[in-house]
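Scroll down for the structure; my scribbles are underneath it.
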Amino acid sequence: MRTQAPPSSALTPRPGLLRDAGFLALSLASIAALVILFHGPLHTTAPTTAALALLLVVLGAATLSRLWVAIVTSVVAVLVLNFFFLPPLRTFAIDDPEDWAALFAFLTVAVIASQLSAAAKARTRDAVARRQEVSRLFDLSRDTLLTTESDGALPVLARHVARRFELETVAICVPADTEWAIHQGGERDVEPSIDQLDQAMARSRGTLEFDARRRVYGGQTEAALEDGRVARLVPLRIGTRPIGVLATTASLDPGVLDALGGVVAIAIERAHFLTEREAAGKLKQRADLTAALLASLSHDLRTPLTAIRVAVGNLGEPALTAEERRSQSHLALLEIDRLNRLFQDILDMARIDAAAITPERQWVTPADLIDAAIQYAGSVVSSRTLQIEADADAEIEIDPRLTSGALAHLLENAAHYSPPDAAIEIKGWIAGDVVQLTVRDRGTGLDPGELDHLFERFFRGHGARRHTAGTGMGLAITRGLLAAEGGRVWGENAPGGGALFTIAVPSRSRVVTGRGA
């Protein structure tokens, strides 16, 4: 049978005991020094003078150390006063009854002074401890208020409690469906059983009773853990409603534990409110997006459908000439292309939201990407003047469908917000392992106050709403398509006027064989 060695703390004297022993030794040494001083250099055995000097030593011991040290010092001082200063000297006998009275008075004064000093020190220690409790509770409350994330709030809260109160073990236990969720915060885990937590939760229900002496509400219990430790279970309440249990093996004052449980309960409730607020915010955002989408689609669908209906109706008129029929047919095809792009935008947005975009990388040149984007934009840029500078001597491994689709949205955006006779500049090159594509228009430029919202879905600036109709999905789709392959896009005002949009997609690059460096 193995025997367990006693813990090292049981073999090592406590620091407080060593300190008290040191004060006792210092007091006894001071008494010995006074005896030597009076019988040596001073050559006096006056009892009154010796009693006052010895009383100072007793008061010093009472001020600096515990009560028992002061009592022992008092007894030793009485014996020394009797032996060395009360006649007959060098004996413990006392001849004069007045000396008995003086000796008793000295002992009484020394003991009372020691007790008063000890009581004052105890009150000081209590005041300091209460101040530290309040300070720690305040710091914990501040930590709670600074926590703005609802996800993972309880583990963070448990760590705050352990750090502020210097607890080796602490756990926040909250009921979750048929079991308990235990969030550890200390260096060591404390895990009460489900039955112990259920019993603690059951005892915390009902009428609250406050113990003024212990400064605690009812419901605190103790539970024996499997490893032999004893955990203290503190109910966490919001009002009279229990919401969980705080578990720790630390020997804190019951009142402190109760106050700590109140702060933790408020923090848990705040975390729940944050979660509900985030959920409500997401619902509101989704509702706002749905309303904006429906408003944009109702407007953008009505215009091309009306134009198509008019054009098709006109084609049935026998009086139209061949040229007029071609014009009406061309108008209908343009509006059908517009509808097709609108539905494609809706499909792209849905795929981005569902994270259903999987890049298919191929080796392409910047010139290939620009050509594909121009074809994708179709009739929107067919009548515009395009100034193209594209690198055709190097290739990069990216998804040409995603990149050219994103570039096409920038081309459509430039065509909508620049004068019809102004050229649109398109550049593409490879710098290192990054392909960069830029689109510059000659329009009014971007509002500096709206740059942060430029790529938000359904966002359209004040100038854009006055200039042309649209859903506000184009730039958001551009960002989503590029993000799927690790790229990014940004906009800025170009020197000399107009807007400049830049696409950057990182990947591997290579020089096209037979076309130079």
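Determine whether V111 is buried (at least 17 other Cβ atoms within 10 Å of the Cβ) and within 30 Å of S30 (Cα to Cα). Give the steps one after another, and end with the answer.
Values: buried (at least 17 other Cβ atoms within 10 Å of the Cβ): yes; within 30 Å of S30 (Cα to Cα): yes.
So V111 fits the description; yes.
Among the residues that make up region 258-270, is at least one of them more than 23 Å from D198 (Cα to Cα), in the same structural domain as V161 (by TED's automatic domain parsing) and under 27 Å from the mean Cα position of the chain (by Cα)?
Checked region 258-270: at least one residue is more than 23 Å from D198 (Cα to Cα), in the same structural domain as V161 (by TED's automatic domain parsing) and under 27 Å from the mean Cα position of the chain (by Cα).
Of everything in region 131-157 that's surrounded by 14 or more Cβ atoms within 10 Å (Cβ to Cβ) and among the charged types (D, E, K, R), which residue is farthest from the chain's Cα centre (by Cα)?
The extreme case among them is E133.
I'm trying to understand the selection: among the residues of region 368-388, which are more than 18 Å from A423 (Cβ to Cβ) and of a type in the set (A, V, I, L, M, F, W, C)?
Passing the criteria: L369, A372.
Among (1) surrounded by fewer than 15 Cβ atoms within 10 Å (Cβ to Cβ); (2) out of contact with any strand residue (DSSP E or B) (no Cβ under 9 Å at 6 or more places or on another chain); (3) within 29 Å of L334 (Cβ to Cβ); (4) at pLDDT 85 or above, which single condition is S383 missing?
(4)
Determine which member of the set A372, A356 is at pLDDT 85 or above and among the small types (G, A, S).
Values: A356 fails: at pLDDT 85 or above.
Checking each option against the conditions leaves just A372.
Go through the residues of region 434-452 one by one and say whether even a single one is under 20 Å from L402 (Cα atoms) and either of a type in the set (F, W, Y) or modelled with pLDDT under 85 (or both).
Checking region 434-452: not a single residue is under 20 Å from L402 (Cα atoms) and either of a type in the set (F, W, Y) or modelled with pLDDT under 85 (or both).
Hey, can you tell me all the residues within region 393-433 that are polar (S, T, N, Q) and either in contact with a helix residue (DSSP H, G or I) (Cβ under 7 Å, 6 or more places away or on another chain) or modelled with pLDDT of 90 or more (or both)? If you could, list the steps in order and put the result at the bottom.
Taking region 393-433 first, the residues polar (S, T, N, Q) are 403-404, 413, 418.
T403, S404, N413 - these are the residues of region 393-433 that are polar (S, T, N, Q) and either in contact with a helix residue (DSSP H, G or I) (Cβ under 7 Å, 6 or more places away or on another chain) or modelled with pLDDT of 90 or more (or both).
For region 107-165, which residues satisfy the criterion of being within 25 Å of R277 (Cβ to Cβ) and of a type in the set (K, R)?
Correct list: R142, R159.
Among the listed residues D151, D189, identify the single one that is at pLDDT below 85 and over 16 Å from G244 (Cβ atoms). First the steps, then the outcome.
On the way: D189 fails: at pLDDT below 85.
Exactly one of D151, D189 is at pLDDT below 85 and over 16 Å from G244 (Cβ atoms), namely D151.
Would you check if A517 is surrounded by fewer than 16 Cβ atoms within 10 Å (Cβ to Cβ), modelled with pLDDT of 90 or more, over 40 Å from the mean Cα position of the chain (by Cα) and of a type in the set (G, A, S)? Step through it out loud before you land on a result.
Numbers: surrounded by fewer than 16 Cβ atoms within 10 Å (Cβ to Cβ): yes; modelled with pLDDT of 90 or more: no; over 40 Å from the mean Cα position of the chain (by Cα): yes; of a type in the set (G, A, S): yes.
Criteria not met by A517.
Of D195, D139, which residue is in a helix (DSSP H, G or I) and more than 21 Å from V256 (Cα to Cα)?
On the way: D139 fails: more than 21 Å from V256 (Cα to Cα).
Sole residue among the options that is in a helix (DSSP H, G or I) and more than 21 Å from V256 (Cα to Cα): D195.
Going by the conditions given, is G497 at pLDDT 75 or above and either on the phi > 0 side of the Ramachandran plot or not in a loop (DSSP other than H, G, I, E, B) (or both)?
Details: at pLDDT 75 or above: yes; either on the phi > 0 side of the Ramachandran plot or not in a loop (DSSP other than H, G, I, E, B) (or both): yes.
Spelling it out, G497 is indeed at pLDDT 75 or above and either on the phi > 0 side of the Ramachandran plot or not in a loop (DSSP other than H, G, I, E, B) (or both).
Looking at A181, is it small (G, A, S) and either exposed (fewer than 12 other Cβ atoms within 10 Å of the Cβ) or in a helix (DSSP H, G or I) (or both)?
On the way: small (G, A, S): yes; either exposed (fewer than 12 other Cβ atoms within 10 Å of the Cβ) or in a helix (DSSP H, G or I) (or both): no.
No: the conditions fail for A181.
Any residue that is farther than 21 Å from G244 by Cα and either outside any helix (DSSP H, G or I) or touching a helix residue (DSSP H, G or I) at 6+ places or on another chain (Cβ under 7 Å) (or both) - is there at least one of those in region 159-172? Step through it out loud before you land on a result.
Of the residues in region 159-172, the ones farther than 21 Å from G244 by Cα are 166.
Checking which are either outside any helix (DSSP H, G or I) or touching a helix residue (DSSP H, G or I) at 6+ places or on another chain (Cβ under 7 Å) (or both) leaves us with 166.
Within region 159-172, one or more residues are farther than 21 Å from G244 by Cα and either outside any helix (DSSP H, G or I) or touching a helix residue (DSSP H, G or I) at 6+ places or on another chain (Cβ under 7 Å) (or both).
Could you please tell me which pairs satisfy a Cβ distance under 7 Å, a separation of 6+ or placement on different chains, a first residue in region 27-55 that is farther than 14 Å from A110 by Cβ, and a second residue that is outside any helix (DSSP H, G or I)?
From residues that are farther than 14 Å from A110 by Cβ, the pairs are F38/T44; F38/T45; T45/L89; P47/L86.
The values are calculated or read from the model by the stated rules, or taken from the named source; none is laboratory data. Bear in mind that the values here come from a model prediction, so they are computed numbers and not experimental data. FYI the Cβ positions are ideal-geometry reconstructions off the backbone, even for glycines, and counts take in every protein chain you see.
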